[in-house]
Amino acid sequence: MSDTAAGPRSPGSGPDAVDSVLDHCARKTGAYAGAVYVLSPDGQVLQLAVLSGISRRIASPWARVPLPAASPVSDAVRQGVLVWIGSQQELARRYPQLALVLPHPFALVAAPISTGARTWGGLVLHWSSAHPPTLGTQERAVIADACRRLGPILRQAVDSGCVLAGPEPRILSPARNRAAGPAEAQAAADFAERLPSGCCALDPDGRITFLTTAAAELLGAGIPDLLGARPWEALAWLDNPVAEDRYRAAVLSRRPTSFTARRPPDQWLSFHLYPDASGISVRIVPTSSADAAVLPPHLLHPAPPADPGRATALYHLMHLAATLTEAVGVQDVVERVADQILPAFGAQALALMAAAEGRLRIIGYHGYSAALMDRFDAAPLTSDTPAVHVLTTGIPSFFGTFDDLRTAYPPAVLQDDMAAWAFLPLITSGRPVGSLVLAYDRPRAFPAEERSVLTSTAGLIAQALDRARLYDATQQLAHDLQAGLLPRTLPRVPGLDVAARYLPASYGMDVGGDFYDLIRLDGAAAAAAIGDVQGHNVQAATLMGQVRTAVHASAGAPPGEVLARTNRLLTDLDAGLFTSCLYADLDLARHSACLATAGHPPPILRHPDGHPEIVELPPGLLLGIDPAADYPTANVPLLPGAVLALYTDGLVEAPGTDIEEAITALADRLAHAGDQPMDALAGTLITRAQHTAPRSDDVALLLISPRRDV
């Protein structure tokens, strides 16, 4: 067996094993970068565990990826499929927000890491844009083998309590073509010193690891001052968006690139970047001032120093702007703000507050303890505190030291062990909605440009927060309306085990027309109904309530008659919405069920021996179309130990999926789910729908099983 097929020998378990498999996979596929994500214990977030080939700074916006988010790795994990992005155009088409913040050509693949039906995380690989537009067969085989090896490692880590994803990802050392001894290293330095112009080397994190005397002279700084520093942070005149952007472009595309910058007062320098896995080689060449004519106007003057660099802040803020377009609820906004704002401005903690009922309530925080936040929560809007002041006045406040804060607010007491603070008003459409506090562990100057960017950022957050609060209020209204229309609990019927699930659509008002019901008739008989009113709005929900009432009023009559009566009612109402419905009479004494359908998906019957049957019923017209429609019935056995599954089409319909194949797949899942309690079985059948986002339709599921011991 070849090494490619066999993979790394004896990978073992734990972090070292993950690192070994990732390194082997990257080398065998020729990927310049790779990452392994681990699914959080609650199954909602993918956490970056190990990274190779890209600096932590560049990858930090994707250190935590919400599972419902639109990204290659979350889509791969959520859908259980391999996601291939072969070009920048495809990235822009499928993931426009990601393309907005990474406008550099590269190819990537994301694949789920699973064992059986359980998914543990995801694998991501990057190639330069020179990669062919399709993923090769051999590459697919290596990736599949890596995921197969990583699955048991991640599973064992979870079982043993081993933490694979810490607060920061592990960074693998870059691969090098060869290692040089001391004498050869000195010879290389001598060689570089003899070259005309200047040259230097950057590590993958952008820090200078080597530079020649000529390079230091051209840059206007001493070698000790530059070694270990990033050029755009050490040199004020290089602190501009172009310099760091070209570095990111070289790292991500693995293509040579260049840019020109002006060193005051009038020295123009051309920088040529040549990247590989170990870092970037940079040639620095004096050039004519004629080149300045093609530069953007803002680069004709030296940029003021800022910490962090403006390009870093702009990079994170662009990512924040893109991700906030997908944020929905308040908690979603809080998490995305924390992920982006803290690294963008070098802050260690934040608190997000909103005005409610005359008080300032803390709605989210990061870097602070819960006990401290409880102490500051619910401050009256009449209190004299910086957070209340910026909310009521709309004027931001910046305190570079605690002495500055105490001068403005003499009663202030240092409680958070921080050294500097920015208090920012959250204002949208001229209306204050809350306050944002950023805290730093060191004194800070807050230069004018940074204050301006922070204030603008607060406005962006305010708009997102305002939308999120409206969304949450709408969702709560929809939830309350839906809860009032669906049965709170199913009645207890002797001899029957039942379970039900309802999932609203993933977007919109989340109130729809799906319903289910179980009706107790007498000691040995019951009725079950499930249906779907067209639409996702208040009208659909209202009509659904009327359908449920009509079915209840007719329960006990033959199933065909129940549907016929309900159909006549709906046509008389002339609501303009059609309804599918399936009604079943359950005769527990005779172990049989009589069913009729009005255009509803067929029920699935799992017989006591475990084999599933998709029950094909005589067709019936949707309710609300023809008042004279007839609804024929069919009888099926319902023996003790059998399971009858009634569901709405949201459980089986998806874009690009054949409905019959989807129903067959649902029947297979029911057959292979084993002998579980009804509630656990309902959870198993609906798991896939829960992890599919966004869902365009509601989902209702009703399971019925006669007990074996009756």
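What's the Cα-based Rg to Rh of region 183-294, Rh via Kirkwood?
Dividing the radius of gyration by the Kirkwood radius yields 0.94.
For the chain, with all protein chains present and a 1.4 Å probe, just round the carbon and sulfur fraction of the accessible area to a whole percent.
Answer for the chain: carbon and sulfur cover 55 percent of the accessible area.
How large is the helix-only mean residue ellipticity at 222 nm for the chain, computed as the sum of -39500 (n - 2.57) over DSSP H runs with n ≥ 4, divided by its residue count, in deg cm²/dmol to the nearest 500?
Result for the chain, helices only: -11500 deg cm²/dmol.
Based on Cα coordinates alone, diagonalise the gyration tensor for region 381-449, multiply each eigenvalue by 5, take square roots, and list the semi-axes in whole Å, largest first.
Rounded to whole Å, the semi-axes are 21, 15, 10.
Taking only the Cα atoms of region 595-684, how large is their convex hull per residue, in Å³?
Cα-based convex hull of region 595-684, divided per residue, equals 113 Å³.
Under a 5 Å amide H to amide H cut-off, with H placed in plane at 1.01 Å, what residues pair with ALA33 once short-range neighbours are removed?
Under 5 Å from the amide H of ALA33: HIS126.
Taking the Cα atoms of region 102-173 alone, what are Rg (to one decimal) and Dmax (as a whole number) in Å?
Every Cα atom of region 102-173 included, Rg and Dmax give 14.6, 42 Å.
Within the chain, what's the longest run with no GluC sites (Glu not before Pro) in a DSSP loop and at most 12 other beta-carbon atoms within 10 Å? Give the range, please.
Of all site-free stretches, the longest is 1-356.
So for the chain, Kirkwood radius off the Cα pairs, Stokes-Einstein at 25 °C and 0.890 mPa s: how many µm² s⁻¹?
Value of D from the Cα-based Kirkwood radius: 83 µm²/s.
Placing +1 at every Lys and Arg Cβ and -1 at every Asp and Glu Cβ, with all other atoms neutral, what dipole size does the chain have around its Cα centre, in debye to the nearest 20?
1260
Over region 47-162, what portion of Cα pair distances is larger than 16 Å, expressed as a whole percent?
Cα-Cα pairs in region 47-162 separated by more than 16 Å: 63 percent.
Using the scaling law 2.2 N^0.38 Å as the reference, what is the normalised Cα Rg of region 510-641?
Relative to the rule-of-thumb radius for its length, region 510-641 sits at 1.04.
Of LEU577, GLN79, SER173, which is farthest on the positive side of the dipole of the chain, counting Cα position, with +1 on Lys and Arg Cβ, -1 on Asp and Glu Cβ, and the Cα centre as origin?
Going by the Cα projections, it comes out as SER173.
Once the convex hull of the alpha carbons of region 134-211 is built, what does its volume come to per residue, in cubic angstrom?
Hull volume over Cα atoms, normalised by residue count, gives 206 Å³.
Counting alpha carbon pairs within less than 8 Å and at least 6 residues apart, what relative contact order, in whole percent, applies to the chain?
8
How much of the calculated P(r) for region 313-459 lies past 20 Å, in percent of all Cα pairs?
That fraction is 44 percent.
The values are calculated or read from the model by the stated rules, or taken from the named source; none is laboratory data. Keep in mind it's a predicted model, so treat the numbers as computed, not measured. With ideal geometry, Cβ positions are generated from the backbone for all residues, glycine too; neighbour counts draw on all protein chains shown. Areas reflect the complete protein model, heavy atoms only, side chains present, ligands, DNA and RNA absent. Shrake-Rupley method; radii C 1.70, N 1.55, O 1.52, S 1.80 Å.
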